[in-house]
Amino acid sequence: MGMVIGINPSVGITTLLVVMLAWAFGLNQIASQISLQAVAPIHLVLFIPFIELGVYLFHTRRLPLNRRQIEHLSHHPWRLIRDIWQWEWHALIVWGVVAAITMPLLARYIRRALVLLMRRHRTLMRSRPELR
């Protein structure tokens with residue numbers, strides 16, 4: 001869950017969101033946070049593509065990427081706020097679709113990898129009797 005939440009196109013709420021969701025579903029907080037931080041570079045790489053895909057799918061104005069466009073928007077603060085919210089909202093919808101597909105796949109393959117790891121290293125299970 002931390003990996004999928006970690007790549008969402010919002011800025012600044014991923015840690016809080018992972019803490020709340022891990023608590024709500026009874027998941028391991030430490031594992032969730034480690035996976036969130038592990039995908040932080042991927043989050044930065046996917047931020048613009050999620051926004052661009054949202055612009056493409058919802059037929060909205062393109063993200064201003066040159067200096068002149070950004071300066072123009074800075075003179076119109078209400079328009080800037082509206083556009084940022086629109087880009088963010090559309091990018092979150094795109095991310096939600098991607099997350100709905102990738103989260104079950106990641107959970108399945110990570111679980112499979114952990115089971116194989118535990119089978120190869122049975123001493124890990126013997127060191128903690130409450131897990132038997």
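The values are calculated or read from the model by the stated rules, or taken from the named source; none is laboratory data. These numbers were taken from a predicted model, which means no experiment stands behind them. Glycine gets a Cβ as well: all are built from the backbone with ideal geometry, and neighbour counts include every protein chain shown. These accessible areas exclude ligands, DNA and RNA; they are computed on the full protein's heavy atoms, side chains included. Shrake-Rupley method; radii C 1.70, N 1.55, O 1.52, S 1.80 Å.
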- Note on the structure: Taking segment 1-13 and keeping only residues that are part of a helix (DSSP H, G or I) and open to solvent by 50 Å² or more (accessible area, probe 1.4 Å), one is left with Met3
- Failed condition for Trp78, given (1) surrounded by fewer than 12 Cβ atoms within 10 Å (Cβ to Cβ); (2) modelled with pLDDT under 85: (2)
- For segment 14-122, which fully contained helices (runs of 4 or more DSSP H) count at least 3 residues that are in contact with a Gly (Cβ under 9 Å, 6 or more places away or on another chain)? 14-25, 29-38, 40-58, 77-120
- Item | Members of segment 81-91 found to be buried (at least 16 other Cβ atoms within 10 Å of the Cβ) and of a type in the set (A, V, I, L, M, F, W, C), listed by number | Trp87, Ala91
- Expected output for segment 86-99 (first residue farther than 16 Å from Thr14 by Cα, partner open to solvent by 50 Å² or more (accessible area, probe 1.4 Å), Cβ below 6 Å, 6+ apart or cross-chain) is His90/Phe58; Val94/Leu53
- So which residues in segment 19-39 are surrounded by fewer than 16 Cβ atoms within 10 Å (Cβ to Cβ), closer than 15 Å to Ile110 by Cβ and either among the polar types (S, T, N, Q) or in contact with a Ser or Thr (Cβ under 8 Å, 6 or more places away or on another chain) (or both), if there are any at all? Asn28
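Determine if segment 40-55 includes at least one residue that is within 14 Å of Gly2 (Cα to Cα), touching a helix residue (DSSP H, G or I) at 6+ places or on another chain (Cβ under 7 Å), modelled with pLDDT of 85 or more and surrounded by 13 or more Cβ atoms within 10 Å (Cβ to Cβ).
Looking only at segment 40-55, we keep the residues that are within 14 Å of Gly2 (Cα to Cα), and these are 40-43.
Now restrict to residues that are touching a helix residue (DSSP H, G or I) at 6+ places or on another chain (Cβ under 7 Å): 40, 43.
Filter once more, so that each one left must be modelled with pLDDT of 85 or more: 40, 43.
Those still in the list that are surrounded by 13 or more Cβ atoms within 10 Å (Cβ to Cβ) too: 43.
Yes, some residue in segment 40-55 is within 14 Å of Gly2 (Cα to Cα), touching a helix residue (DSSP H, G or I) at 6+ places or on another chain (Cβ under 7 Å), modelled with pLDDT of 85 or more and surrounded by 13 or more Cβ atoms within 10 Å (Cβ to Cβ).
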- So Leu16 fits all but one of (1) exposed (fewer than 15 other Cβ atoms within 10 Å of the Cβ); (2) of a type outside the set (D, E, K, R); (3) touching a residue at least 12 places away in the same chain (Cβ under 8 Å); what number is the exception? (3)
